[in-house]
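Reading through the structure tokens given below for one structure.
The values are calculated or read from the model by the stated rules, or taken from the named source; none is laboratory data. This is a predicted model, so every value here is computed, not measured. Quick reminder, even Gly has a Cβ in these numbers, built from the backbone with ideal geometry, and neighbours come from all protein chains shown. Heads up: the accessible areas ignore ligands, DNA and RNA and are worked out on the full protein's heavy atoms, side chains in. Shrake-Rupley method; radii C 1.70, N 1.55, O 1.52, S 1.80 Å.
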Amino acid sequence: MKVLVLGSGSREHAIAWKFSKSNLLSGLYVAPGNAGTEEIAENLYDVDPCNSASVINACKKYNIDFVFVGPEAPLAAGVVDDLDAAGIYAFGPCKAAAQLEASKLYSKSFMNRHHIPTAYSEEFDNYKAFERAVRKLEGKKIVIKKNGLAAGKGVLESDNIDEILEFGKNVLKDDTLLIEEFLTGWEVTIFALCDGKDYVILPSCADFKKAYDNDKGPNTGGMGAICPVPSVTKELMAEIQEKVIDRTFEGISDDGMTFKGILYFGLMITADGPKLLEYNVRFGDPETQALLPLIESDFGSLFNAVRKQELKSFPLEISNKYSLCVVVAAGGYPGAYKKGNIVHYMPRFRDDLVVIFHASTKLDIDDNIITNGGRCFSVVGLGEDFSIASQNAYVGAHEVYFKDCFFRNDIGKKFFVE
Ligand code: AMP
Ligand code: GLY
């Protein structure tokens, strides 16, 4: 099996890291990859993940027979459809199914049509109607969502009318939007791994989106994650499965679609039960970095079974440990930050204690690892309980140093008592 992972973030490093441990692989490539994936795979820097011809050429050149699509953009661009047409297996949904993430209007109408609990919302495509609606809600906290993909920057939660109108005006220049009821509760992420015929639910994860401790500061792509989430009891999971997950897969089938890939359910657990905030059609970042070290099954065997649509009979093995991921980011992130800082010390730990995944790193001409983005590393600690996992993660995070780096000190704390 020769595997190509598309993407360059920590999530893709974690996916490649799992594949790199499999004896069934005869080749592992990442396009374009980062300085971390460079250590375990061959990076294909010239391949553009969103350009089907570029991906297909690489598959032919290196005899790649399994493509794992990490991020959403290639999925929304239809790269999987083009790979399928070229006879190359790609793990990820087709363009039509990727609309569940790529269009908030589509996913909202899907949720409503299939009776999946979600926040009340209204759609707008012109500013006047939007402004009228917002003025009626003056003083209330509401959520504004851009319809199309926005790399985590398409959602505003606010009660400030000027900020809301400004955000909406910008979105409406070239897209439509939703005004959504603001829900309160706690958030959890559930992934379903789907082979196109059957699916399995993976351990629950939570990500920590605010930049600073105690959930203060602006939203980010995610500053940390835990897995599994202690407050997701069996009863709650059964409710999520019945009201959200099963109805989603029934809806997909009723709509005449199939889903192959990872379906991400972003949920708010409210006083009225679970409500679905969003679908993503791929693994989440940073949840994946916390989750994958807990999957004990060999990735080569697992994804061979997925390719053959034999997931139902695959004995998926999950560790009973706990995992906690701390993101080390560049000073200033998610606002303006500096790139190109040299990473001075890259520690090595035992994989069963601490695993470090890169994001946005590259090698300079002297082979130094340098930062190349906002979120630079995911440091994952593992342990028999969350307190040990947290200690391990923070020992690792303190060892990763570059100028002005920072991380949150309270990842996971609200979910467990030390
Ligand atoms: P989305 O891309 O739709 O998941 O939104 C990104 C983030 O915005 C979510 O993870 C939540 O933290 C927040 N959010 C989205 N929709 C709502 C809502 N209706 N009520 C409260 N928070 C929300
Ligand atoms: N962690 C949220 C996301 O991947 O979209």
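List of remarks:
- Heavy-atom accessible surface of region 1-117, averaged per residue, reaches 35 Å², computed with a 1.4 Å probe.
- Divide the volume of the convex hull around the Cα atoms of region 19-149 by the residue count and you get 182 Å³ per residue.
- Put a plus charge on the Cβ of each Lys and Arg, a minus charge on the Cβ of each Asp and Glu, and nothing anywhere else: the dipole of the chain about its Cα centre is then about 380 debye.
- For region 232-356, the solvent-accessible area works out to 42 Å² per residue, with a probe of 1.4 Å and every protein chain left in place.
- The portion of the accessible surface of the chain made up by carbon and sulfur, rounded to a whole percent, is 48 (1.4 Å probe; DNA, RNA and ligands excluded).
- Dividing the alpha-carbon radius of gyration of region 108-190 by the rule-of-thumb value 2.2 N^0.38 Å gives 1.09.
- Measuring spread by the Cα atoms of region 306-418 yields a radius of gyration and Dmax of 16.7, 49 Å.
- Segments 1-7, 335-341 sorted - mean Cβ within 10 Å per residue, highest first: 1-7, 335-341
- Residue-averaged [θ]222 nm for the chain, counting only DSSP H segments that reach four residues, each worth -39500 (n - 2.57): -8000 deg cm²/dmol
- With θ taken as phi - 60° and the Karplus curve 6.51 cos²θ - 1.76 cosθ + 1.60 applied, the whole-hertz 3J(HN,Hα) list for region 365-379 is 5, 8, 6, 6, 7, 10, 7, 9, x, x, 8, 9, 9, 10, 9 Hz, x standing for glycine and proline.
- Under-5 Å amide H pairs with F182, H placed in peptide plane, nonlocal only: V143
- Cα shape, the chain, gyration tensor, a/c 1.5 rule: rounded
- Per-residue packing, averaged as other Cβ atoms within 10 Å, sorts the ranges 152-159, 99-106, 133-140, 176-183 into the order 99-106, 176-183, 152-159, 133-140, beginning with the highest.
- Cα gyration tensor shape of region 145-200, rounded if a/c is under 1.5, else prolate or oblate by comparing a/b with b/c: oblate
- Net charge over other residues, Cβ less than 15 angstrom from the Cβ of F406 (K, R count +1; D, E count -1): +2
- Rounded if a/c under 1.5, otherwise prolate or oblate - region 247-291, Cα gyration tensor axes: oblate
- Residue by residue, region 5-20 carries 3J(HN,Hα) couplings of 9, 8, x, 9, x, 5, 4, 6, 4, 5, 5, 5, 4, 5, 4, 5 Hz when phi is fed to the Karplus relation 6.51 cos²θ - 1.76 cosθ + 1.60 (θ = phi - 60°); x denotes Gly or Pro.
- Taken one residue at a time, the phi angles of region 216-221 give Karplus couplings (6.51, -1.76, 1.60, θ = phi - 60°) of 9, x, x, 5, 10, x Hz. Gly and Pro are set to x.
- Per the Kirkwood formula applied to alpha carbons, region 130-268 shows a radius of gyration over Rh ratio, Rg over Rh, of 1.01.
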